[in-house]
Amino acid sequence: MLKSFFEGGVFIYGSAMLVMYALLAYLSYRGIRLFQRKSSYTNYSQLLESPLTPGISVIAPAFNEGVTIIMNVRSLLTLNYTRFEVIIVNDGSTDDTLEKLINEFELVEVDFAYNQRITTRPVRRIFKSTNTAYDKLMVIDKVNGKSKADASNAGINAASFNYFLCTDVDCIIEKDTLLRMIKPFMDEEHKKTKEVGKPCPECGYVHMVEDSRRVIATGATLRVANSCEVDEGIIIRVRPPEKLLPRFQEMEYIRAYVLGKMGWSSINCVPNVSGGLGLFDKEVAIKAGGYDHTSFAEDMDIVTRMCAYMIDNKQQYAIRYIPTTQCWTEGPPNLKIFGRQRTRWGRGLSEIITIHRKFLFNPRYRKLGLIVLPYNLFFEFLAPIIEFIGICYYIYLIVTDQVSWQYAIILLGFVYLYSVMITTLAICWDQLTYRYYNTWREVVGLALMAFLEPLIYHPLIVFFALKGYWFFLTGKKSTWGNMQRQGFSKKKVNA
């Protein structure tokens with residue numbers, strides 16, 4: 001009886017997951033085609049010159065980032081946008097990060113009206129440059145808050161504009177990122193009023209009503225920059241990572257962003273906006289409480305609380321994603337750093353499910369409570385647990401000689417090829433959006449990693465996720481740690 005119940009439950013669960021991935025593939029394809037049609041007649045230069053274009057504060061926390069800090073700050077300062085500022089938050093670095101910033105950008109301490117709307121660890125000093133070429137730059141030096149979230153909150157407190165883009169200083173951002181990511185906000189602004197009904201018999205005019213959703217966040221595709229050629233903070237040649245582990249991550253990122261988040265964006269059910277690159281409505285973020293400095297999944301936590309705030313206040317909201325790659329990050333180069341990152345992610349997901357359990361299956365919270373969080377619970381959180389139990393059960397069947405090998409091989413082959421197909425589709429969707437790789441050999445080489453993923457990479461993901469769950473259950477202390485940046489490969493470009 002128990003055996004039949006378990007096997008039937010696993011079959012239903014697996015079938016539901018396969019259907020979910022197929023649905024996301026369809027929704028992402030539809031979303032990408034719609035994005036391409038809109039982009040074909042979008043004049044970004046007109047948006048750049050418009051006096052109505054809103055200002056954006058770019059916030060980048062930094063902890064012991066001395067290896068890449070100068071190059072990446074220079075990259076941020078050269079973004080193609082009219083009104084923006086760059087806020088670097090030195091989160092108590094113990095290396096030469098702050099000294100390098102002071103010397104390179106001619107910084108001096110200034111008096112600044114710092115309004116602490118979100119509680120953070122104390123801010124020591126605020127720096128501005130004496131050189132007018134760097135007048136967009138502000139550097140905040142604060143006591144280490146033991147999390148990126150605390151540093152990000154300090155940047156939000158100091159931000160001058162109504163929108164802020166949160167990123168990492170190890171990231172390289174495309175020049176047009178702010179233009180592309182602010183567009184969904186502005187598109188919705190233009191829809192705020194419309195004429196409805198017939199002309200009024202009293203005044204003769206058609207009445208205007210507000211009919212829009214407030215965009216509270218926008219995300220974009222993020223991918224691995226390992227092995228790419230970089231010159232002065234600019235990607236000049238995109239290459240798939242040469243090393244095996246970063247190459248798996250590149251494939252995973254493409255699938256997660258282009259297929260997953262673009263699919264969810266089509267039905268306004270985006271579960272989170274990446275901490276590596278996300279543009280937010282500052283007012284809503286502050287009223288929702290900012291980032292939770294105690295969370296190991298601060299990016300998912302703030303999006304969940306912002307959505308809940310909008311619902312509690314009976315306001316329509318939307319979270320948008322764009323399929324173009326706007327951010328490049330250095331992926332963990334070895335298993336030790338990778339394991340620490342994924343264990344933290346697993347622990348963070350456990351926290352999200354626990355802290356926000358009051359929203360789960362709550363019809364009052366609409367899509368957040370009935371789609372987004374249930375999906376995270378069943379297909380993100382429970383997946384490693386069910387998979388681990390399933391493997392143990394399968395080993396037991398093999399040992400007790402209860403396996404029908406004919407059907408087992410067919411089933412395993414189907415699941416294996418289905419996972420390969422989904423990953424290959426994601427890479428194709430990515431190529432459909434923009435050909436980032438110069439040769440099809442590079443594309444095929446990356447797609448071939450899908451055949452190795454179930455055997456090498458996926459077991460690591462499951463192991464570190466379970467390790468994160470265990471740390472959460474036992475209350476074991478964890479630290480964010482330092483990524484130990486390697487720096488990007490460089491290539492000099494002739495004039």
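The values are calculated or read from the model by the stated rules, or taken from the named source; none is laboratory data. Note that the coordinates shown come from a computational prediction; the quantities given were computed from them, not determined experimentally. No Cβ is skipped: glycine too gets one built from the backbone with ideal geometry, and neighbour counts run over all protein chains shown. In case anyone asks, the SASA skips ligands and DNA or RNA and just uses the protein heavy atoms, side chains included. Shrake-Rupley method; radii C 1.70, N 1.55, O 1.52, S 1.80 Å.
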Filter result (over 15 Å from the mean Cα position of the chain (by Cα) and hydrophobic (A, V, I, L, M, F, W, C)) within the stretch 143-163: VAL143, ALA151, ALA154, ILE156, ALA158, ALA159, PHE161
When only residues in the stretch 453-462 that are among the hydrophobic types (A, V, I, L, M, F, W, C) and touching a residue at least 40 places away in the same chain (Cβ under 8 Å) count, which is most open to solvent (accessible area, probe 1.4 Å)? ILE456
Restricting the stretch 43-60 to residues that are touching a helix residue (DSSP H, G or I) at 6+ places or on another chain (Cβ under 7 Å) and at pLDDT below 90, the residue that is nearest to TYR418 (Cα to Cα): TYR44
Which one of the conditions (1) of a type in the set (Ser, Thr, Tyr); (2) modelled with pLDDT of 90 or more; (3) open to solvent by less than 50 Å² (accessible area, probe 1.4 Å) does THR119 fail to meet, given that it meets all the rest? (3)
Only one of ASN103, ASN90 is open to solvent by less than 30 Å² (accessible area, probe 1.4 Å) and either farther than 30 Å from GLY263 by Cβ or not polar (S, T, N, Q) (or both); which? ASN90
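One line per residue, one yes/no per condition, for (1) at pLDDT 90 or above; (2) out of contact with any helix residue (DSSP H, G or I) (no Cβ under 7 Å at 6 or more places or on another chain):
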position: ALA256; (1), (2): yes, yes
position: SER266; (1), (2): yes, no
position: CYS269; (1), (2): yes, no
position: LEU279; (1), (2): yes, no
position: ALA285; (1), (2): yes, no
position: GLY289; (1), (2): yes, no
position: THR294; (1), (2): no, yes
position: ARG305; (1), (2): yes, yes
Run down THR68, THR97 and say which single residue is at pLDDT below 95 and either surrounded by fewer than 17 Cβ atoms within 10 Å (Cβ to Cβ) or touching a helix residue (DSSP H, G or I) at 6+ places or on another chain (Cβ under 7 Å) (or both). THR97
What number of residues within the stretch 129-149 are farther than 18 Å from ASP281 by Cα and open to solvent by less than 60 Å² (accessible area, probe 1.4 Å)? 14
Using beta carbons and a limit of 8 Å, which pairs, at least six apart or on different chains, have the first residue in the stretch 406-430 and over 23 Å from ARG223 (Cα atoms) and the second one outside any helix (DSSP H, G or I) and open to solvent by 40 Å² or more (accessible area, probe 1.4 Å)? TYR416/PRO454
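Residues checked against (1) under 19 Å from the mean Cα position of the chain (by Cα); (2) under 25 Å from THR218 (Cα atoms); (3) charged (D, E, K, R); (4) surrounded by fewer than 17 Cβ atoms within 10 Å (Cβ to Cβ):
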{"position": "MET310", "(1), (2), (3), (4)": "no, yes, no, no"}
{"position": "CYS327", "(1), (2), (3), (4)": "yes, yes, no, no"}
{"position": "ASN334", "(1), (2), (3), (4)": "no, no, no, yes"}
{"position": "LEU349", "(1), (2), (3), (4)": "yes, yes, no, no"}
{"position": "THR354", "(1), (2), (3), (4)": "no, no, no, yes"}
{"position": "LEU368", "(1), (2), (3), (4)": "yes, yes, no, no"}
Would you mention how many residues in the stretch 14-56 are among the hydroxyl-bearing types (Ser, Thr, Tyr) and surrounded by fewer than 16 Cβ atoms within 10 Å (Cβ to Cβ)? 9
